[in-house]
Amino acid sequence: MGNLRVSSVLLLSLIAAAFANNFHQDVEITWGGRHARILCPGNLLTLTMDKTSGGAGFKSKRDYLFGTFNMQMRLIPGNSAGTVTTFYLSSEGPSHDEIDLEFLGNKSGSPYTLHTNVFTQGEGGREEGFHLWFDPIKHFHTYSIVWNPRNIIPLEFRTPNKQRMKVYASLWDADDWETRGGRVKTDWSKAPFVAYYRNLIAKSDWGMQGLNARGKKTTELGKETLQNLLLLQLSETEPAAWKWPPPPSRVQGVHR
């Protein structure tokens, strides 16, 4: 979720996959109470935001050091200005690592913006924004974060490679900055705003190897730096070959 400076790659995959993971077993609600609902049999989760709640969020029960993380999402339809729907990886603490996918709502008829960022040891400042070239509200689409040490290249900055991270997702109000720099406010007459999550799949091939008791990696990487690939996959009903999407339109002024 252009030039992402983190050697991110946006790919379009036309896939028809059915997953069966269970939110009851895999995640815990972190905030929002009843505004986060897991629906039977457990493969669908909704986050709802109204003026009193401010939104909701959840996180995975497991944490990971590297892996592939897939989530099917259907974003808020209509006038979603001021809302932020997220799917991201993060560790905890002031020196946290984080890989962000944030979907910034907009007025009806305007495209959603995908906002990305990467934090390493608490330092971010790598925001990029792109207009989505497809409709993310009518159908579920599969979004993937691939955090993969098998792709190794030299980069100009440190990448998150030493702390284990959990999978997070949330829906929250950011009308002080989100739409046109805060000039367009959330229209609460359109509430409740609902984002849908389905079929969280987290695969980690690296497990606990090379970690000490605090979750820090003990092996030396030398001069090699890990490349983080953010893969954006679109799930469609008809199978087709891999192909590149049209170049996404970069958005100026998304920095917070």
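The values are calculated or read from the model by the stated rules, or taken from the named source; none is laboratory data. Here the structure is a predicted model, which means the values were calculated and not measured. All Cβ positions, glycine included, derive from the backbone under ideal geometry; neighbour counts span all protein chains shown.
Within segment 17-57, how many residues are outside any loop (DSSP other than H, G, I, E, B) and in contact with a helix residue (DSSP H, G or I) (Cβ under 8 Å, 6 or more places away or on another chain)?
So the count comes out to 8.
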Yes/no for residue 95 being surrounded by fewer than 23 Cβ atoms within 10 Å (Cβ to Cβ) and either more than 18 Å from residue 122 (Cα to Cα) or not β-branched (Val, Ile, Thr) (or both): yes
Total residues in segment 91-138, condition over 24 Å from residue 188 (Cα atoms) and outside any strand (DSSP E or B): 16
Subset tally (residues that are over 22 Å from residue 141 (Cβ atoms) and either buried (at least 19 other Cβ atoms within 10 Å of the Cβ) or modelled with pLDDT of 95 or more (or both)) for segment 176-191: 1
In segment 59-83, the residues that are out of contact with any Gly (no Cβ under 7 Å at 6 or more places or on another chain) and in a strand (DSSP E or B): 59, 60, 64, 67, 68, 69, 70, 71, 72, 73, 74
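Rundown of residues vs (1) within 20 Å of residue 104 (Cα to Cα); (2) within 19 Å of the chain's Cα centre (by Cα); (3) at pLDDT below 95; (4) of a type in the set (Lys, Arg), yes/no style:
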position	(1), (2), (3), (4)
4	yes, yes, yes, no
8	yes, yes, yes, no
13	no, yes, yes, no
57	yes, yes, no, no
62	no, yes, yes, yes
Residue check, residue 137 touching a Phe, Trp or Tyr at 6+ places or on another chain (Cβ under 7 Å) and either at pLDDT below 85 or surrounded by fewer than 19 Cβ atoms within 10 Å (Cβ to Cβ) (or both): no
